[in-house]
Amino acid sequence: MKPLRQTETTHAPAHWTGPVPTPGACPGVKADGSIHSLPQVSLKAGRKALLDYFNNGWALTEVLFSGLAGEEAFYRRPYHKLRHPMIFYYVHPVALYVNKLRVAGLLDGPVNADFEQLFETGVDEMRWDDLHEGNPDIWPLLAEAQAYRRQVYDIIRKLIETHPLLDEPITQESLAWALVMGFEHERIHLETSSVLMREMPVEFLRRPREWPAFEALKNTKDYPTNAMVRLPAGEATLGKPHDFPTFGWDNEYGSEARAVRPFSASKFLISNGEFLEFVKAGGYANEKYWSKDGWAWRRYRNTKWPTFWIQDGPAGLHQYRLRTIFEVIPLQMDWPVCVNFHEAKAYCTWRTERDRSAMPYRLLTEAEHNAMRDGAANKYNSDLATGGESPVDALAANGKGFHDVFGNVWQWCEDHFHPLEGAAPHPYYDDFSLPCYDGEHQMILGGSFISTGDEAGAWSRFHFRPHFFQHAGFRIARSEDGNPDSGAKVIEAK
C-alpha cells in the first residue's frame, strides 16, 4: 500500500468523485465559477435541500484538496508532526459517513472494512511536544482513495434520494441524524484541513480556480484604531433548543443562564498591524508576558512572530509577508491576526502594561461573546464568502457596536471547553465532546471565513488545545466593575 510518489499531477475531470464544481452542475457554485457554502440545511426542508447540501459539502472538500499540487503533497507529514498526512483527512470524513450510518442501521455492512478502520480516528495530541510519528507505509494509493470516495458518494446520494426515512423531518431521535451528522463532520474537516494546508510549504500547493477571491488586497501600513466598547451588566442564556430544526453537536444542547458583569471589549478583532506592535516591542522575547506553559511552547518552537507570517528581510527589520492557505501575499495590516491561545494571552499582558490599564486586558468569556450579539441578520465573512480573512472594518458593526462577532477568524476565549447543564452525548457519536471536557481545551467562538454549516451558526461551541493553530484570533476585553476575575468557566486539568 506504499504510495507512488510523483512531483506533480493534473486534475482531469475524473478527479472529481462527486458533483463537478461548475455553475449549474453543483450547488453553491456561482456564475463566475467560484464555490461558496450553502446555509446550514433545515431538517424540515426535504430531500432536495438535503441532497443539495450534501453535494455542496462534498464539492467544497474536493475543491480544497485539488489545491494539493501533486500526490506527494497528500503524503507529506505536517512540520510539527502532531497530525496525520493529508491523505488521512481526504478519506476520514467519508469513512465516518459509513461508520455512523452503520451505527444507525442505515447501512448493513462495511464498504471497505480496512479503510473504515484505518481512517476512523484522528490525532488529539496532549501537548505541543507530543509528536505522532506514525507509519508512512500504511496509507493507500491516491487512486484507491479516490475510488473509495466515489463508491461512498454513490451510496449516500442513493440513500438521500430513496430512503423512506427522509420523507419525514429529521430529529435527534431519528436514524437519519447520523446522515446529517456526517454532513457537519465533513464541514469541520474542511476547515481543519485548510489549516494543515496553510502550514505546508507553499510549493506543495496551488490555488484552485474555484476558490473564492480575497477582498481587494492592499499595500499599506494602515490599520484602524481599535476602541473599546462598554456593555452593562446583564444575563446571557446559553444552549440550543432540543427541537431546533438544524443539526447540532452534543455540546450545544442543555441550557444555562449566566450573569454577565459590566465589561468592555475591542470593537474590532486584533489586527496584524496591532499585533506587529507587540512583536516589535520584543513581546516574543520577554518571558514576563507569557504563562508558564505558553513560554515553554514558545521556546520549544523558537517562535518569534505569528506562525502564518513569513520573514521578508533581515532579522530585526520586522518586515513580513502573510501566508494564506494556498499562497504568500503582502502582510495585510488590517486583517485579523491568526495566533494560538498562548500568543493571544501574551499580547493581553503586554497590552495591559503598555496602556497602563488599571484593569488587566484578557480574552472574552463565552457569556460575554453571547452578550455582544444583537440577534440581527448581520453580514459576516463566513461560509466561504471570501477565500480568506478580510479587513477587520470591512463589514458594518452590529447593533451593539462590534464588528465580526461572527466570521473572519475564530475568537479564543478564557473558558475551558465544558458541557452546558443538561447536555448529554449522542449515542451515534458518544465521544465527540466528552474527552475534551478535561481542562486542557480552550473554547473558540464565532467561526471563521471558512466555517460553514453548524460551525458558522450562533449555537456553535468549539475548542482546541491552547498551542493549536486554527484560523483563530481574538479581541481584547476587560472587566469594568473593579473585579479583574473574568468569571470564565475553568475546569481543573485531569
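The values are calculated or read from the model by the stated rules, or taken from the named source; none is laboratory data. Fair warning: this is a prediction, and the values are worked out from it, not measured in the lab. Backbone-built Cβ (ideal geometry, glycine too); neighbour counts: all protein chains shown. Side chains are part of the model used for accessible areas, which takes the heavy atoms of the whole protein and leaves out ligands, DNA and RNA. Shrake-Rupley method; radii C 1.70, N 1.55, O 1.52, S 1.80 Å.
Return the residue satisfying two criteria in turn: it lies in region 454-494 and is among the basic types (Lys, Arg) and part of a loop (DSSP other than H, G, I, E, B), and of such residues it is farthest from GLY182 (Cα to Cα). If you could, list the steps in order and put the result at the bottom.
Of region 454-494, the ones among the basic types (Lys, Arg) are 461, 465, 475, 478, 489, 494.
Adding the requirement that they be part of a loop (DSSP other than H, G, I, E, B) leaves 461, 465, 475, 489, 494.
On the way: ARG461: 18, ARG465: 24, ARG475: 32, LYS489: 30, LYS494: 30 Å.
Ranking the qualifying residues of region 454-494, first place goes to ARG475.
For HIS369, state whether it is open to solvent by less than 60 Å² (accessible area, probe 1.4 Å), closer than 25 Å to GLU184 by Cβ, in contact (Cβ under 8 Å) with a residue 24 or more places away in the chain and not in a loop (DSSP other than H, G, I, E, B). In short, yes. Every listed requirement among (1) over 24 Å from the mean Cα position of the chain (by Cα); (2) open to solvent by 70 Å² or more (accessible area, probe 1.4 Å); (3) within 30 Å of ALA458 (Cα to Cα); (4) not β-branched (Val, Ile, Thr) is met by ARG258 save one, (2).
Within region 216-230, being in a loop (DSSP other than H, G, I, E, B), open to solvent by 70 Å² or more (accessible area, probe 1.4 Å) and not β-branched (Val, Ile, Thr) holds for ALA216, LEU217, LYS218, ASN219, LYS221, ASP222, TYR223.
Out of all the residues in region 204-214, is one or more over 30 Å from PRO336 (Cβ atoms), more than 20 Å from the chain's Cα centre (by Cα) and of a type in the set (D, E, K, R)? There is no residue in region 204-214 that is over 30 Å from PRO336 (Cβ atoms), more than 20 Å from the chain's Cα centre (by Cα) and of a type in the set (D, E, K, R).
This table checks each residue for (1) part of a helix (DSSP H, G or I); (2) modelled with pLDDT of 95 or more; (3) of a type in the set (Lys, Arg); (4) within 25 Å of the chain's Cα centre (by Cα).
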site: GLU120; (1), (2), (3), (4): no, no, no, yes
site: ASP124; (1), (2), (3), (4): no, no, no, yes
site: ASP137; (1), (2), (3), (4): no, no, no, no
site: ARG150; (1), (2), (3), (4): yes, yes, yes, no
site: GLY182; (1), (2), (3), (4): yes, yes, no, yes
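The set of residues in region 335-366 being open to solvent by 10 Å² or more (accessible area, probe 1.4 Å), more than 15 Å from LEU269 (Cβ to Cβ), in contact with an Asp or Glu (Cβ under 9 Å, 6 or more places away or on another chain) and assigned to a loop (DSSP other than H, G, I, E, B) consists of MET359 alone.
Select, from ALA147, ALA213, ALA143, ALA233, the only residue that is under 30 Å from SER264 (Cα atoms) and open to solvent by 40 Å² or more (accessible area, probe 1.4 Å). Before the answer, list the steps.
Working: ALA147 fails: under 30 Å from SER264 (Cα atoms); ALA213 fails: under 30 Å from SER264 (Cα atoms); ALA143 fails: under 30 Å from SER264 (Cα atoms).
Being under 30 Å from SER264 (Cα atoms) and open to solvent by 40 Å² or more (accessible area, probe 1.4 Å) holds for just one of ALA147, ALA213, ALA143, ALA233, which is ALA233.
Residue pairs whose Cβ atoms lie under 9 Å apart, sitting 6 or more positions apart in sequence or on different chains, and linking a residue in region 265-294 that is in a helix (DSSP H, G or I) to a partner that is aliphatic (A, V, I, L, M) and open to solvent by 10 Å² or more (accessible area, probe 1.4 Å), are ASN272/LEU331; ASN272/MET333; GLY273/LEU331; GLY273/MET333; GLU274/MET333; LEU276/LEU331; LEU276/MET333. State which residue is nearest to PHE88 (Cα to Cα) when the search covers only region 150-160 and only residues that are open to solvent by less than 20 Å² (accessible area, probe 1.4 Å) and β-branched (Val, Ile, Thr). Checking each candidate, the answer is VAL152.
Selection of region 450-494 for residues being under 10 Å from the mean Cα position of the chain (by Cα) and acidic (Asp, Glu) yields only GLU455. Here is the figure for region 61-77: residues that are out of contact with any helix residue (DSSP H, G or I) (no Cβ under 9 Å at 6 or more places or on another chain) and charged (D, E, K, R) total 1.
For region 78-113, filtering for residues that are out of contact with any helix residue (DSSP H, G or I) (no Cβ under 6 Å at 6 or more places or on another chain) and of a type in the set (A, V, I, L, M, F, W, C) leaves 5. Exactly one residue out of ALA424, ALA385 is hydrophobic (A, V, I, L, M, F, W, C), open to solvent by 40 Å² or more (accessible area, probe 1.4 Å), part of a loop (DSSP other than H, G, I, E, B) and under 24 Å from LEU60 (Cα atoms): that is ALA385. Inside region 227-274, can you point out the residues that are of a type in the set (A, V, I, L, M, F, W, C) and farther than 18 Å from HIS403 by Cα? ALA233, ALA236, LEU238, PHE244, PHE247, TRP249, ALA257, ALA259, VAL260 - these are the residues of region 227-274 that are of a type in the set (A, V, I, L, M, F, W, C) and farther than 18 Å from HIS403 by Cα. I need every pair where a residue in region 305-327 that is touching a residue at least 40 places away in the same chain (Cβ under 8 Å) and under 16 Å from PHE278 (Cβ atoms) has its Cβ under 7 Å from the Cβ of a residue that is open to solvent by less than 50 Å² (accessible area, probe 1.4 Å) and part of a strand (DSSP E or B), sequence separation at least 6 or different chains. The qualifying pairs are PHE308/LEU322; PHE308/ARG323; TYR320/TRP309. Here ASP438 fulfils each of the conditions (1) over 26 Å from THR121 (Cβ atoms); (2) open to solvent by less than 40 Å² (accessible area, probe 1.4 Å); (3) of a type in the set (Asp, Glu); (4) assigned to a loop (DSSP other than H, G, I, E, B) apart from (1). Among the numbered conditions (1) under 15 Å from the mean Cα position of the chain (by Cα); (2) modelled with pLDDT of 95 or more, the only one that PRO427 does not meet is (1).
Just give me the residues in region 84-104 being farther than 24 Å from SER174 by Cα and out of contact with any His (no Cβ under 7 Å at 6 or more places or on another chain), in sequence order. Within region 84-104, HIS84, PRO85, MET86, ILE87, PHE88, TYR90, VAL91 meet the criteria. Taking the conditions (1) crowded, with 16+ Cβ neighbours inside 10 Å; (2) over 24 Å from ASP393 (Cβ atoms) in turn, ASP293 satisfies each one other than (1).
Of the residues making up region 319-334, those that are touching a strand residue (DSSP E or B) at 6+ places or on another chain (Cβ under 9 Å) and either within 22 Å of TYR289 (Cα to Cα) or part of a loop (DSSP other than H, G, I, E, B) (or both) are GLN319, ILE325, PHE326, GLU327, LEU331, GLN332, MET333, ASP334.
Once region 231-257 is narrowed to residues that are in contact with a Lys or Arg (Cβ under 7 Å, 6 or more places away or on another chain) and in a loop (DSSP other than H, G, I, E, B), the residue that is nearest to GLY422 (Cα to Cα) is TYR253.
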